[in-house]
Amino acid sequence: MSNKYEFVHAVLEMYLAIPETPMAFSTHDSYIANVWFDQGVSLLQVQQAMTLAQLRRGSRRSTDPPLNQIRSLHYFVPIIQEISRQPMEEGYFRYLQRKLDDLRNPDLNRARPESSSSE
């Protein structure tokens, strides 16, 4: 994406769509998205980082202490760096997206053999 405004807008929209984030973005969040654009970070990398972060947060044991809400886009900076150093393969990203869908909608994604074993 070559338009900085569109990139920043898309990043902030993705960020606000995450359940554990505030209802509005801050000027610092906008600044971080601008920096990512200047650094050549792609929207795909941002989407991958946000997916990975949500899975890591959601896959914690129930006995672990609860995590605080994600309050800033800055939360994703180290994950963007991680993905920049070691790019994510497309198939792995699709797998992570399916896992996130399963995490968000556990009732819709139950394995069928379990539900038919009571016969």
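Summary table
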item	result
Residues listed by number, region 7-21, amide nitrogen under 18 Å from ARG57 label point at 7 Å toward C-beta	11-21
Residues ASN105 and LEU44, FRET efficiency given R0 of 30 Å [Cβ-Cβ distance, rounded to 0.05]	0.80
Estimated FRET transfer efficiency when R0 is 41 angstrom, pair THR27-TYR95 (beta carbons, to 0.05)	0.70
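Each reported figure results from applying straightforward, stated rules to the coordinates on display, with no laboratory input. If you're wondering where the values come from, they're calculated on a predicted model, not measured in any experiment. FYI the Cβ positions are ideal-geometry reconstructions off the backbone, even for glycines, and counts take in every protein chain you see.
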